[in-house]
Amino acid sequence: MNAFVKLARNRLQFIIFLLRNLPGALFAGVRIKFISEEKCVVTVPYKWSSKNPFRSTYFASLAMAAEMSTGALALSNIYKRSPAVSMLLTEMNGAFHKKAIGITSFICRDGRALHDAIEEAIAAGSSNTITVQSTGTNESGEVVAVFQFTWSFKMRQK
(Lines give C-alpha, C1' and ligand atoms only; values in the text may rest on other atoms or scores of the structure.)
Protein backbone atom coordinates (compact mmCIF):
# COMPACT_ATOMS: atom_id res chain seq x y z
CA MET A 1 0.00 0.00 0.00
CA ASN A 2 1.46 3.39 -0.94
CA ALA A 3 2.05 6.19 1.56
CA PHE A 4 -0.91 8.40 0.60
CA VAL A 5 -3.46 5.56 0.63
CA LYS A 6 -2.17 4.57 4.06
CA LEU A 7 -2.51 8.19 5.26
CA ALA A 8 -6.03 8.52 3.80
CA ARG A 9 -7.18 5.31 5.48
CA ASN A 10 -6.00 6.51 8.92
CA ARG A 11 -8.80 8.77 10.17
CA LEU A 12 -6.69 10.87 12.56
CA GLN A 13 -3.77 11.31 10.15
CA PHE A 14 -6.13 12.29 7.35
CA ILE A 15 -7.93 14.85 9.53
CA ILE A 16 -4.52 16.39 10.32
CA PHE A 17 -3.68 16.34 6.59
CA LEU A 18 -6.96 18.14 5.79
CA LEU A 19 -6.41 20.66 8.59
CA ARG A 20 -2.98 21.53 7.16
CA ASN A 21 -3.81 21.40 3.45
CA LEU A 22 -7.58 21.65 2.90
CA PRO A 23 -9.22 23.19 5.96
CA GLY A 24 -12.33 24.10 3.95
CA ALA A 25 -12.91 20.44 3.15
CA LEU A 26 -12.50 19.50 6.80
CA PHE A 27 -14.97 22.21 7.84
CA ALA A 28 -17.53 21.12 5.21
CA GLY A 29 -17.31 17.50 6.34
CA VAL A 30 -15.74 16.10 3.17
CA ARG A 31 -14.25 12.67 3.92
CA ILE A 32 -12.62 9.84 2.01
CA LYS A 33 -14.72 6.73 2.68
CA PHE A 34 -12.74 4.35 0.46
CA ILE A 35 -9.57 4.52 -1.58
CA SER A 36 -7.65 1.94 -3.59
CA GLU A 37 -5.44 2.05 -6.67
CA GLU A 38 -8.51 1.89 -8.92
CA LYS A 39 -11.15 4.04 -7.23
CA CYS A 40 -11.91 6.56 -4.54
CA VAL A 41 -15.19 7.33 -2.78
CA VAL A 42 -15.59 10.71 -1.07
CA THR A 43 -18.65 11.90 0.84
CA VAL A 44 -20.01 15.30 1.71
CA PRO A 45 -22.95 15.69 4.10
CA TYR A 46 -25.78 18.17 3.98
CA LYS A 47 -25.18 20.16 7.14
CA TRP A 48 -24.86 23.72 8.36
CA SER A 49 -21.30 24.16 7.05
CA SER A 50 -22.02 22.77 3.56
CA LYS A 51 -25.52 24.06 2.81
CA ASN A 52 -26.91 26.88 0.70
CA PRO A 53 -30.00 29.07 1.26
CA PHE A 54 -32.10 26.72 -0.92
CA ARG A 55 -31.96 23.83 1.58
CA SER A 56 -29.47 21.72 -0.34
CA THR A 57 -25.73 21.13 -0.38
CA TYR A 58 -23.83 24.13 -1.77
CA PHE A 59 -22.42 23.48 -5.25
CA ALA A 60 -18.89 24.36 -4.11
CA SER A 61 -19.05 21.69 -1.38
CA LEU A 62 -20.17 19.15 -4.00
CA ALA A 63 -17.36 20.23 -6.34
CA MET A 64 -14.83 19.99 -3.50
CA ALA A 65 -15.84 16.40 -2.75
CA ALA A 66 -15.83 15.47 -6.44
CA GLU A 67 -12.39 17.00 -6.93
CA MET A 68 -11.05 15.16 -3.89
CA SER A 69 -12.21 11.83 -5.32
CA THR A 70 -10.03 12.42 -8.40
CA GLY A 71 -7.21 14.33 -6.70
CA ALA A 72 -6.72 11.69 -4.01
CA LEU A 73 -6.17 9.07 -6.70
CA ALA A 74 -3.63 11.35 -8.37
CA LEU A 75 -1.92 12.11 -5.05
CA SER A 76 -1.67 8.41 -4.30
CA ASN A 77 0.64 8.16 -7.31
CA ILE A 78 2.85 11.20 -6.61
CA TYR A 79 2.90 11.55 -2.79
CA LYS A 80 6.53 11.40 -1.56
CA ARG A 81 7.64 10.19 -4.98
CA SER A 82 11.12 10.51 -6.38
CA PRO A 83 11.47 12.10 -8.86
CA ALA A 84 8.86 14.56 -7.66
CA VAL A 85 5.82 15.17 -9.86
CA SER A 86 3.67 18.28 -9.74
CA MET A 87 -0.05 18.22 -10.38
CA LEU A 88 -2.35 21.03 -11.38
CA LEU A 89 -6.07 21.15 -11.98
CA THR A 90 -6.52 22.85 -15.36
CA GLU A 91 -10.23 22.45 -16.10
CA MET A 92 -13.48 21.47 -14.41
CA ASN A 93 -16.96 20.84 -15.77
CA GLY A 94 -20.00 19.89 -13.78
CA ALA A 95 -23.62 18.99 -14.35
CA PHE A 96 -26.19 18.95 -11.57
CA HIS A 97 -29.10 16.53 -11.90
CA LYS A 98 -30.85 16.42 -8.54
CA LYS A 99 -31.01 18.45 -5.35
CA ALA A 100 -28.42 17.23 -2.80
CA ILE A 101 -30.23 17.06 0.56
CA GLY A 102 -28.40 14.27 2.39
CA ILE A 103 -25.04 12.57 2.18
CA THR A 104 -23.67 12.72 -1.36
CA SER A 105 -21.03 10.16 -2.33
CA PHE A 106 -18.66 10.87 -5.20
CA ILE A 107 -16.85 8.01 -6.87
CA CYS A 108 -13.99 8.17 -9.33
CA ARG A 109 -12.96 4.90 -10.98
CA ASP A 110 -10.09 6.32 -13.05
CA GLY A 111 -7.19 5.39 -10.78
CA ARG A 112 -5.40 3.23 -13.35
CA ALA A 113 -5.76 5.91 -16.05
CA LEU A 114 -4.32 8.54 -13.67
CA HIS A 115 -1.41 6.23 -12.85
CA ASP A 116 -0.69 5.71 -16.56
CA ALA A 117 -0.87 9.47 -17.29
CA ILE A 118 1.62 10.19 -14.51
CA GLU A 119 3.99 7.47 -15.70
CA GLU A 120 3.79 8.86 -19.25
CA ALA A 121 4.67 12.37 -18.00
CA ILE A 122 7.71 10.98 -16.19
CA ALA A 123 8.82 8.85 -19.14
CA ALA A 124 8.47 11.74 -21.59
CA GLY A 125 10.02 14.31 -19.26
CA SER A 126 7.21 16.73 -20.13
CA SER A 127 3.69 17.50 -18.99
CA ASN A 128 0.75 15.22 -19.59
CA THR A 129 -2.95 15.85 -19.07
CA ILE A 130 -5.90 13.58 -18.43
CA THR A 131 -9.60 14.18 -17.91
CA VAL A 132 -11.30 12.01 -15.32
CA GLN A 133 -14.87 11.77 -14.05
CA SER A 134 -16.50 11.73 -10.64
CA THR A 135 -20.16 10.84 -10.21
CA GLY A 136 -22.10 11.88 -7.13
CA THR A 137 -25.07 9.91 -5.88
CA ASN A 138 -27.47 10.36 -3.01
CA GLU A 139 -28.30 7.75 -0.39
CA SER A 140 -30.91 6.23 -2.74
CA GLY A 141 -28.31 5.76 -5.50
CA GLU A 142 -29.73 8.53 -7.70
CA VAL A 143 -27.21 10.65 -9.62
CA VAL A 144 -26.97 14.11 -8.08
CA ALA A 145 -24.04 15.54 -10.07
CA VAL A 146 -21.33 14.52 -12.52
CA PHE A 147 -18.00 16.34 -12.72
CA GLN A 148 -15.07 16.08 -15.12
CA PHE A 149 -11.64 17.29 -14.01
CA THR A 150 -8.61 17.77 -16.21
CA TRP A 151 -5.34 17.24 -14.36
CA SER A 152 -1.88 18.12 -15.63
CA PHE A 153 1.22 16.29 -14.40
CA LYS A 154 4.84 17.24 -14.86
CA MET A 155 8.08 15.89 -13.45
CA ARG A 156 9.69 18.59 -11.32
CA GLN A 157 13.12 19.77 -12.35
CA LYS A 158 15.80 19.58 -9.67
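One table, with the values for the structure above:
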quantity: Failed item, numbered, when Y79 is tested on (1) under 19 Å from K154 (Cα atoms); (2) crowded, with 20+ Cβ neighbours inside 10 Å; (3) modelled with pLDDT under 95; (4) not basic (K, R); calculated: (2)
quantity: Leading residue by the ranking (surrounded by the most Cβ atoms within 10 Å (Cβ to Cβ)) among those in the range 4-41 that are more than 13 Å from A66 (Cα to Cα) and within 12 Å of the chain's Cα centre (by Cα); calculated: I35
quantity: Selection from the range 114-141 of residues that are closer than 30 Å to I103 by Cα, hydroxyl-bearing (S, T, Y) and part of a strand (DSSP E or B); calculated: T131, S134, T135, T137
quantity: Flag for A72 being touching a helix residue (DSSP H, G or I) at 6+ places or on another chain (Cβ under 7 Å) and in contact (Cβ under 8 Å) with a residue 40 or more places away in the chain; calculated: yes
quantity: Matching residues, the range 52-87, being of a type in the set (D, E, K, R), touching a Phe, Trp or Tyr at 6+ places or on another chain (Cβ under 9 Å) and under 23 Å from F14 (Cα atoms); calculated: E67, K80
quantity: Entirely in the range 10-106, the strands (runs of 3 or more DSSP E) that have 1 or more residues that are in contact with a strand residue (DSSP E or B) (Cβ under 8 Å, 6 or more places away or on another chain), of a type in the set (D, E, K, R) and more than 15 Å from T135 (Cα to Cα); calculated: 31-35, 85-96
quantity: Selection from the range 147-158 of residues that are buried (at least 17 other Cβ atoms within 10 Å of the Cβ) and either at pLDDT 90 or above or not in a strand (DSSP E or B) (or both); calculated: F147, F149, W151, F153, K154
quantity: Given (1) within 21 Å of R9 (Cβ to Cβ); (2) in contact with a Cys (Cβ under 9 Å, 6 or more places away or on another chain), number of the condition V44 does not satisfy; calculated: (2)
quantity: Output for the range 88-131, where each listed residue is in contact with a Phe, Trp or Tyr (Cβ under 6 Å, 6 or more places away or on another chain), surrounded by 17 or more Cβ atoms within 10 Å (Cβ to Cβ) and either acidic (D, E) or touching a residue at least 40 places away in the same chain (Cβ under 8 Å) (or both); calculated: I118
quantity: Filtered residues of the range 54-111 (kept if among the basic types (K, R) and under 14 Å from the mean Cα position of the chain (by Cα)); calculated: R109
quantity: Residue that is touching an Asp or Glu at 6+ places or on another chain (Cβ under 8 Å) and within 23 Å of A28 (Cα to Cα), where the choices are G102, G111; calculated: G102
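The values are calculated or read from the model by the stated rules, or taken from the named source; none is laboratory data. Just so you know, these numbers come straight off a predicted model, no measurement behind them. Positions of Cβ are generated from backbone atoms using ideal geometry, with glycine treated the same way; all protein chains shown enter the neighbour counts.
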